[in-house]
Each structure stands twice: as structure tokens, then as C-alpha cells.
1. Checking the condition open to solvent by 30 Å² or more (accessible area, probe 1.4 Å), in contact with a Ser or Thr (Cβ under 8 Å, 6 or more places away or on another chain), at pLDDT 85 or above and under 30 Å from Thr123 (Cβ atoms), which residue from Lys75, Lys84, Lys26 passes?
2. Taking region 12-29 as the region of interest, how many residues are in a strand (DSSP E or B) and under 16 Å from Val85 (Cβ atoms)?
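The values are calculated or read from the model by the stated rules, or taken from the named source; none is laboratory data. Quantities reported herein were computed from a predicted structural model and do not represent experimental measurements. Note that each Cβ is placed from the backbone with ideal geometry, even for glycine, and that neighbours are counted across all protein chains shown. In case anyone asks, the SASA skips ligands and DNA or RNA and just uses the protein heavy atoms, side chains included. Shrake-Rupley method; radii C 1.70, N 1.55, O 1.52, S 1.80 Å.
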Amino acid sequence: ITCPGVLLKDKQELYLNVFVLGQYSKTECVPAVFPLFFQEKLVFEKVRYSKIYPGFNMALCVVSVLYSFVYFPIKVCIFFLVGKVLATYEENTRDFLFPDPKLTHGHRGLEREILMKRSPSFTGIAPKLRFSTISIISDSLLSLGRSHIQ
């Protein structure tokens, strides 16, 4: 996370809190000096069960799962250790994971940047978050004729 020219008055450590697919994950704390380096992998998993009928097109099922991600919000927050919010970023999960107009992801792990919205108590410029995502969608047959999609 970069924020050129900004010195934080509060010297407490910071962490990143990410909410995706109904799950929270938090990074380890880092010193409150820009640039902030979080070298962690955060893993989120969403399991969907559906019955597959003879002649059913699995690709259509996968597309419906991806479109349903519009209804799952993502929220990324930078917090001071005491719980004060420094900046946030909110978007729907599908647009966050698949920013292209199409639902296919051509470059695995492509690095991206987003501008975060600073909190009213933060007087610096908006922090920029650099990250990469990898999405894996798989299916497997389960007992009782259900299909498992991640």
C-alpha cells in the first residue's frame, strides 16, 4: 500500500482486514510507515451445491455462480491496531475478482492497483493498494448426485 509523501502521526501498527464471500481475514500487523508491505496470501472459499441433471451444461452453472458474485460485497480496510480505520475499499466480489468486461481471466495472478477511500480522520491522499488475485473454479461429483463448485 503506497501513499507518497504521507507520514502517519499515529505510530501504532496497522493491519489489513478483508471481507469476501461472507468471510473475514486479517493480515499480520506492520509498522505504520508507508509504503505498507503485506506479503501474505489470504484464501477465501465459497462452496455451492447443485443437482446436475442429464444433459445439463456445466458451463452455464459456472456462469451463474460468477454472476451471483455481484451480490457478495468485498470490503478491504486498513486499521490501526487500536481499531481506528485509516482507509477502505468496497466493491462487489465479481468485479473485484474479474475486473474485465468478460468473466474469463486471461492473466493468472495479474497485479492490479486500486485507490482506497480515506477515512475522515486521515488527512493524507488516498492510499493505493497493489495486489493480485487468483480464482479457481472446480467441480466434483458428490454422493447423492450433487455437484460441488468452488
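1. It is Lys84.
2. Qualifying residue count for the region: 8.
Rundown of residues vs (1) within 21 Å of Ala126 (Cβ to Cβ); (2) basic (Lys, Arg); (3) open to solvent by 50 Å² or more (accessible area, probe 1.4 Å); (4) modelled with pLDDT under 90, yes/no style:
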residue	(1), (2), (3), (4)
Leu14	yes, no, no, no
Val33	yes, no, yes, no
Lys46	no, yes, yes, yes
Tyr53	no, no, yes, yes
